[in-house]
1. Between Asp94 and residues 5 or more places away or on another chain, which pairs have amide H atoms under 5 Å apart, with H built 1.01 Å from N, and which residues are they?
2. Count the net charge of all other residues whose Cβ sits under 12 Å from the Cβ of Leu89, scoring Lys and Arg as +1 and Asp and Glu as -1.
3. In the stretch 97-152, if the dipole is taken from +1 on Lys/Arg beta carbons and -1 on Asp/Glu beta carbons about the Cα centre, which of Ile109, His136, Pro121 is farthest to the positive end?
4. Any chance you could run the full-extension gain for Glu147 through Asp94? It's 0.36 nm times the residue separation minus the Cα-Cα distance, nm to one decimal.
5. With a ≥ b ≥ c taken as the square roots of the eigenvalues of the C-alpha gyration tensor of the stretch 71-152, please select rounded if a/c is under 1.5 and otherwise prolate if a/b is larger than b/c or oblate if it is not?
6. Which loop-located GluC sites (Glu not before Pro) does the stretch 101-141 contain, where loop means any DSSP state but H, G, I, E or B and the Cβ has at most 13 other Cβ atoms within 10 Å?
7. For the stretch 143-148, just list the computed ³J(HN,Hα) in residue order, Karplus coefficients 6.51, -1.76 and 1.60, θ = phi - 60°, integers in Hz, with x standing in for Gly and Pro.
8. Can you give me the distance in nm between label points at Thr119 and Glu82, each placed 7 Å from the Cα along the Cα-to-Cβ direction?
Amino acid sequence: PHSASVGPSRPKVEKRAADTSTSAKRPRHGKQAWTHPRPLDAPLPQPPAPPPAAQKATRKRAAPSAPPPPAPLSLTSQPPDEFVCPISLELMDDPVCAADGHTYEKGAIEDWLGTRKRTSPKTGAPLKILELFPNHVLRRQIIEWREAHAAP
């Protein structure tokens, strides 16, 4: 005779009714509930005590020497490259940032955009946005550099 059962039969397990007698819930899927490793009101562990002076190495390090003072600045010293406009090659007075992310002297970039194609002077890529934004941080740095290099 032909049997309708294909595999070994499983014993039927009765479903238990949910235990509602306690308010605490048991974790699902065999996961354990997380508990903090120490109570919140417990004192923090103290760091280990340093070794006694007798155990420390007896060899002392030489005191670090102070760095040499900076060379005196003169009027002939060159400004940092970031302070020089890539178009005019002069120290900037009114630095502005273009859409290419580079900073230019305001008058020089305005002339560039007014008389030439609308491209980046540094990369040659087309500029989709022609707005210029003041670079206040660089302007302040240039002013400080000028004051530091001014004749006494």
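What follows draws every value from the coordinates through simple rules; no lab data is involved. Model, not experiment: these values are computed from the prediction. Methodologically, a virtual Cβ is constructed for each residue, glycine included, from the backbone with ideal geometry; neighbour enumeration extends over all protein chains shown.
1. Under 5 Å from the amide H of Asp94 lie the amide H atoms of Lys106, each far enough along the sequence or on another chain.
2. Residues close to Leu89 contribute a combined charge of -3.
3. Checked the options; the winner is Pro121.
4. 17.5 nm
5. prolate
6. Passing both the DSSP loop test and the Cβ count: Glu131.
7. Result, ordered by residue: 4, 5, 5, 4, 5, 5 Hz.
8. Output for this residue pair reads 2.8 nm.
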